[in-house]
Amino acid sequence: MKKKRMIQVLLSVLLVALIVVGGTVAYLVASDRPVENSFAFIDVDTDIDEPDVGDPINKEPIVTNSGDSTVFVRAKVIVASAPGESNPVSESDMTINYNSDEDKDKGKWEKKEGGWYYYSRALNTGESTVPLFNGIENINVDADSFDVIVYQESVVVGRYTNAYEAFNPHTSE
């Protein structure tokens, strides 16, 4: 019985010693100095280019990556009445010849929900897309003038495998 009691006392002393030593080590190791985290911004820079093909109706907008990072691109076309124009104009008043044919070396545009066109491959620095569309025809409007606005967005490729996934990370295609 004395042996059991002695073992209990020794284990209790050992436990107290571990708690005291652990607390002392934690106190000595703890630091009140701030931790410095360094972050660097990634250069994402894409531009819409509209090569002059003569008539504005024949425009062929392309997106060029002039940043330092590989990016995915999406674009949207908005047709609107020109400022001061009283007759409303929309994309349904004309035919925009969207480019969805694949150029084996470059890629293609794919239409998804919300009117967005996603480019099928990533753009490296200095690369450009094929034209989003190749002109406008069958214009049936009562307005004297209208605007065709091309809006584009780009995002770093990161861990994504395609543009749709990169712009919509919480949905599955």
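Strands (runs of 3 or more DSSP E) wholly in region 85-153 with at least 1 residues that are surrounded by fewer than 17 Cβ atoms within 10 Å (Cβ to Cβ) - which ones? Result: 95-98, 109-111, 133-137. Of the set (1) at pLDDT 90 or above; (2) out of contact with any helix residue (DSSP H, G or I) (no Cβ under 9 Å at 6 or more places or on another chain), all apply to Ala122 but (2). One residue stands out among those in region 55-71 that are modelled with pLDDT of 85 or more and open to solvent by 40 Å² or more (accessible area, probe 1.4 Å): the one that is farthest from Gly126 (Cα to Cα), which is Glu60.
Out of region 32-54, which residues are open to solvent by 80 Å² or more (accessible area, probe 1.4 Å) and either outside any loop (DSSP other than H, G, I, E, B) or more than 20 Å from Ser100 (Cβ to Cβ) (or both)?
Correct list: Asp32, Arg33, Pro34, Val35, Glu36, Asn37, Ser38, Phe39, Ala40, Phe41, Ile42, Asp52.
Here Arg74 clears all of (1) touching a residue at least 60 places away in the same chain (Cβ under 8 Å); (2) open to solvent by 70 Å² or more (accessible area, probe 1.4 Å); (3) among the basic types (Lys, Arg) except the condition numbered (2).
The values are calculated or read from the model by the stated rules, or taken from the named source; none is laboratory data. Just so it is clear, the structure is predicted and the values come from calculations on it, not from any experiment. Heads up, the Cβs are rebuilt from the backbone with ideal geometry, glycines too, and the neighbour counts pull from every protein chain shown. We work out accessible area using only protein heavy atoms, side chains counted, and drop any ligands, DNA or RNA first. Shrake-Rupley method; radii C 1.70, N 1.55, O 1.52, S 1.80 Å.
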